[in-house]
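Undergrad: Here it is, the structure in full.
The values are calculated or read from the model by the stated rules, or taken from the named source; none is laboratory data. Source: prediction; values computed, not measured. Cβ atoms come from the backbone with ideal geometry, glycine included; neighbour counts cover every protein chain shown.
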Amino acid sequence: MLKTYLIATAALSLTVSTFAGKQPNVLWVLTDDHRYDSVRAFNKMLTGQEMSKLGYVESPHTDRLAEMGTTFINSYCQAQGCAPSRASMHYGRYPFRSGVYQFEYHNNNAEHFRPTLPERMADLGYQTVHIGKTGVRVKTVKNGKAQKFQMYQTDFDSKTLAAEGLTEWGKGWASSINGKKLPKPVSDLEFFVNSDGEFEYFSDQLAEMKPEYAGAREQYNKKYDLLRFYKAGEKGVSKSMIIGGVSPRPAGKTRDGYYSSVFADFLQSEDKPLTVGSKSYDGVDTSKPLFCHIGYDFPHTPVLPPVDYRARFSKKKYKVPEFNLKELETMPKQLKKQVDKSFTDDYPEADKQTMIQDYYAFCAYGDTLIGQATEAFVQYSKKQKQPWMIVYVCGDHGWKLNEHGAISKFTPWDIDSHNPVIVVSSDKKAFPAGKVVTDYTELVDIAPTVLAAAGVNLADKENDYLDGYDLAEVASGKMPAREYVLGESHHVIGPRAFIRTKDYVFSMQTRPNTQRGKDMDWAKTASWKELDPALYHMSSDPNEINNLAFNPEYKQIAETMQQKLFNIVMGDNRVEVNWGKQADGTEIFRRNFAPGADDKKLTL
């Protein structure tokens with residue numbers, strides 16, 4: 001097991017006067033597909049019990065962050081897919097304001113766009129650094145062509161690290177392997193990198209060209225005890241996502257492990273270059289404040305905990321979420337579509353146990369890496385006598401483990417969209433230690449919170465585009481509490497928006513297709529059935545199983561929430577963009593028939 005990292009209390013003892021007039025170093029930590037119930041501190045805040053309702057979890061380092069800082073326990077993402085959720089955080093804007101609804105490449109020179117968070121931090125004098133997964137598919141147009149855009153000044157991106165062999169798994173297109181050109185490119189290549197740094201390739205297309213690779217997939221499925229998602233009757237032949245297995249590399253030497261160790265190496269390379277693999281990067285510039293974003297891949301598939309973590313968690317018995325087929329009778333068609341695509345309730349008990357055990361083991365491993373990174377960051381800031389702030393976001397969205405009979409994400413159900421945030425700061429007045437904020441917050445709050453800490457006056461007109469709040473003002477009570485959170489996602493299930501209050505959550509289909517700019521007014525005249533509505537009463541139905549949208553007793557509540565949601569996402573400065581193959585986004589479509597509808601108030 002990796003060393004246990006606990007941030008030294010001495011690092012917290014520096015007085016406010018020590019930091020007077022200085023911009024804080026900022027570390028923004030984001031995980032991927034991360035359930036909030038994998039963190040004991042969050043479970044205690046929400047249920048009074050440390051363990052998940054499913055069973056054993058461990059998270060000492062995240063728990064320590066919660067003790068040191070302020071937890072915003074009722075925080076929600078704006079889209080339940082990686083790319084649109086991460087875009088909402090980087091831009092500080094709802095999907096219906098940025099026009100980024102799913103995994104489309106988009107152009108940051110479109111007329112309605114504003115600078116990303118790292119660009120603004122660079123303008124404020126920060127050295128900006130990214131490590132790991134970004135997930136924001138932004139390009140920029142130069143000379144009429146869309147080109148890759150580098151948001152961060154220094155970028156240790158996951159693909160580059162993978163090319164250097166600093167990963168345990170990868171997949172994609174390839175024209176050569178082991179330095180030798182293939183007769184023709186393959187598009188289905190997968191590979192592992194074992195503990196000796198050797199690449200282990202498998203691909204059906206590769207096997208057709210090179211017989212020595214025949215059977216490689218089955219070989220490595222067995223070697224690493226892989227559980228791949230499969231449909232009924234397909235087990236053993238599935239080539240889909242890996243939802244259980246053991247990492248081919250030891251703890252600390254996986255891709256997430258390298259994210260933490262590269263960050264530590266970066267902080268130790270003060271005012272000098274840093275070599276990672278075959279590439280050279282600038283080390284930390286001690287003359288500037290630091291803004292660093294670490295985008296961990298865990299616990300996103302492939303779920304591959306290191307062997308020691310897997311061994312410990314395989315001894316735990318979990319309570320698999322129950323699923324009753326009657327739920328399908330009232331389940332909206334869009335949500336049923338996701339359940340059908342990712343159905344796991346017909347798995348044998350052993351496979352259900354494996355996918356849950358390995359998921360929580362992976363989360364526990366990642367928690368250790370977060371401890372490593374945050375420890376290094378605080379110690380660096382202490383050494384430089386600089387104020388600091390850590391923003392920890394528990395997932396760009398959540399993940400199902402047989403809730404509603406399925407795995408994966410993409411739905412507005414609570415388990416897919418509830419993502420608590422912890423802010424730890426050397427400024428204990430702004431973010432008191434051990435404070436728990438139960439007011440609603442959203443992931444669009446990340447950008448304004450970081451900018452405000454860096455010295456930006458959010459009241460200035462140039463910041464009007466930001467949809468979120470400064471979490472310091474939420475924590476202090478200066479900001480009136482939201483009465484709802486909302487979002488919209490288009491991937492897998494099709495266009496669907498949600499609005500959630502403390503008592504109810506309502507969601508509906510927003511348009512009949514994903515063609516940007518087409519049928520934007522569809523929901524104005526669509527029938528109630530066509531809207532495919534869902535209404536859940538949270539106090540009596542916390543697992544969101546009994547859809548009340550067609551129950552006459554709840555008609556007024558459902559219609560009130562539908563109208564509010566419709567006015568906001570479709571009529572309060574909505575933007576859709578036909579990004580095109582070049583992502584240039586020359587066609588922009590707007591709707592603004594209900595300006596100001598998003599007033600954060602909703603009376604039911």
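Undergrad: Anything in region 169-195 that is out of contact with any Leu (no Cβ under 8 Å at 6 or more places or on another chain) and farther than 22 Å from G244 by Cα? List them, or say none.
TA: Within region 169-195, N178, G179, K180, K181, P183, K184, P185, S187 qualify.
Undergrad: Filter region 349-398 for residues that are touching a residue at least 24 places away in the same chain (Cβ under 8 Å) and among the small types (G, A, S) and give the result.
TA: Residues satisfying the conditions are A361, A364, G366, G371, A373, A376, S381, G395, G398.
Undergrad: Of a type in the set (K, R) and either in a helix (DSSP H, G or I) or without any contact (Cβ under 8 Å) to a residue 12 or more places away in the chain (or both): is that true of K337 in this structure?
TA: Yes: the conditions hold for K337.
Undergrad: Taking only pairs six or more apart or across chains, which ones have beta-carbon atoms under 9 Å, a first residue in region 304-319 that is over 14 Å from D225 (Cα atoms), and a second residue that is surrounded by 15 or more Cβ atoms within 10 Å (Cβ to Cβ) and of a type in the set (K, R)?
TA: That search, which allows pairs on different chains as well, returns Y318/K352.
Undergrad: I'm trying to understand the selection: among the residues of region 372-385, which are small (G, A, S) and either surrounded by fewer than 24 Cβ atoms within 10 Å (Cβ to Cβ) or more than 24 Å from L30 (Cβ to Cβ) (or both)?
TA: A376, the sole residue that qualifies.
Undergrad: Answer yes if at least one residue in region 340-353 is out of contact with any Leu (no Cβ under 8 Å at 6 or more places or on another chain) and part of a strand (DSSP E or B), and no otherwise.
TA: Yes, the conditions are met somewhere in region 340-353.
Undergrad: Give me a count of the residues in region 126-165 that are among the basic types (K, R), surrounded by fewer than 21 Cβ atoms within 10 Å (Cβ to Cβ) and either in contact with a helix residue (DSSP H, G or I) (Cβ under 8 Å, 6 or more places away or on another chain) or free of Cβ contacts under 8 Å to residues at least 12 places away in the same chain (or both).
TA: Count: 4.
Undergrad: Quick test for you: out of N513, N546, pick the one residue that is surrounded by fewer than 18 Cβ atoms within 10 Å (Cβ to Cβ) and either at pLDDT below 95 or in the same structural domain as T330 (by TED's automatic domain parsing) (or both).
TA: Residue meeting the stated conditions: N513.
Undergrad: Given the criteria crowded, with 16+ Cβ neighbours inside 10 Å, over 23 Å from the mean Cα position of the chain (by Cα) and not hydrophobic (A, V, I, L, M, F, W, C), does D351 qualify?
TA: Spelling it out, D351 is indeed crowded, with 16+ Cβ neighbours inside 10 Å, over 23 Å from the mean Cα position of the chain (by Cα) and not hydrophobic (A, V, I, L, M, F, W, C).
Undergrad: Given the options T275, T286, name the one that is under 30 Å from Q153 (Cβ atoms) and modelled with pLDDT under 95.
TA: T275
Undergrad: Answer yes or no: is there a residue in region 313-327 that is part of a helix (DSSP H, G or I), farther than 30 Å from N547 by Cβ and in contact with an Asp or Glu (Cβ under 9 Å, 6 or more places away or on another chain).
TA: Scanning region 313-327, I find at least one residue that is part of a helix (DSSP H, G or I), farther than 30 Å from N547 by Cβ and in contact with an Asp or Glu (Cβ under 9 Å, 6 or more places away or on another chain), so the answer is yes.
Undergrad: Got a number for residues in region 424-464 being assigned to a strand (DSSP E or B), of a type outside the set (S, T, N, Q) and within 25 Å of R114 (Cα to Cα)?
TA: Qualifying residue count, region 424-464: 1.
This table checks each residue for (1) at pLDDT 90 or above; (2) surrounded by fewer than 17 Cβ atoms within 10 Å (Cβ to Cβ); (3) over 29 Å from the mean Cα position of the chain (by Cα).
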{"position": "V186", "(1), (2), (3)": "yes, no, yes"}
{"position": "F199", "(1), (2), (3)": "yes, yes, no"}
{"position": "F202", "(1), (2), (3)": "yes, no, no"}
{"position": "A216", "(1), (2), (3)": "yes, no, yes"}
{"position": "K222", "(1), (2), (3)": "yes, yes, yes"}
{"position": "Y230", "(1), (2), (3)": "yes, no, no"}
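Undergrad: Further question on the same structure: Mind listing just one residue for me: the one in region 167-181 that is under 24 Å from the mean Cα position of the chain (by Cα) and assigned to a loop (DSSP other than H, G, I, E, B) and, of those, surrounded by the fewest Cβ atoms within 10 Å (Cβ to Cβ)?
TA: Looking at residues that are under 24 Å from the mean Cα position of the chain (by Cα) and assigned to a loop (DSSP other than H, G, I, E, B), I get T167.
Undergrad: Here is a follow-up. Pairs needed: first member in region 207-222, at negative phi; second member anywhere, in a loop (DSSP other than H, G, I, E, B) and polar (S, T, N, Q); C-beta distance under 7 Å; at least 6 residues apart or different chains.
TA: Y213/S203
Undergrad: With the requirement that a residue be of a type outside the set (K, R), over 23 Å from G283 (Cβ atoms) and touching a residue at least 40 places away in the same chain (Cβ under 8 Å), what does region 110-125 give you?
TA: A110, E111, H112
Undergrad: Out of all the residues in region 138-166, which are part of a strand (DSSP E or B) and either closer than 22 Å to F266 by Cα or in contact with a strand residue (DSSP E or B) (Cβ under 7 Å, 6 or more places away or on another chain) (or both)?
TA: V138, K139, T140, V141, A146, Q147, K148, T154, D155, F156, D157
Undergrad: Output the residues belonging to region 576-604 that are in the same structural domain as K502 (by TED's automatic domain parsing), under 27 Å from the mean Cα position of the chain (by Cα) and not in a strand (DSSP E or B).
TA: Answer for region 576-604, where residues must be in the same structural domain as K502 (by TED's automatic domain parsing), under 27 Å from the mean Cα position of the chain (by Cα) and not in a strand (DSSP E or B): W579, G580, K581, Q582, A583, D584, G585.
Undergrad: Among (1) surrounded by 24 or more Cβ atoms within 10 Å (Cβ to Cβ); (2) within 26 Å of G487 (Cα to Cα); (3) aliphatic (A, V, I, L, M), which single condition is M389 missing?
TA: All conditions are met except number (2).
Undergrad: If Q338 meets every condition in (1) closer than 30 Å to N194 by Cβ; (2) buried (at least 22 other Cβ atoms within 10 Å of the Cβ) apart from one, which number is that one?
TA: Result: Q338 passes all but (1).
Undergrad: If I filter region 369-399 down to residues being more than 14 Å from the chain's Cα centre (by Cα) and part of a strand (DSSP E or B), which single residue comes out as nearest to S260 (Cα to Cα)?
TA: Looking at the filtered set, the residue picked out is I390.
Undergrad: Something else about it: Determine if region 448-463 includes at least one residue that is closer than 17 Å to L535 by Cα, among the polar types (S, T, N, Q) and in contact (Cβ under 8 Å) with a residue 40 or more places away in the chain.
TA: Checked region 448-463: no residue is closer than 17 Å to L535 by Cα, among the polar types (S, T, N, Q) and in contact (Cβ under 8 Å) with a residue 40 or more places away in the chain.
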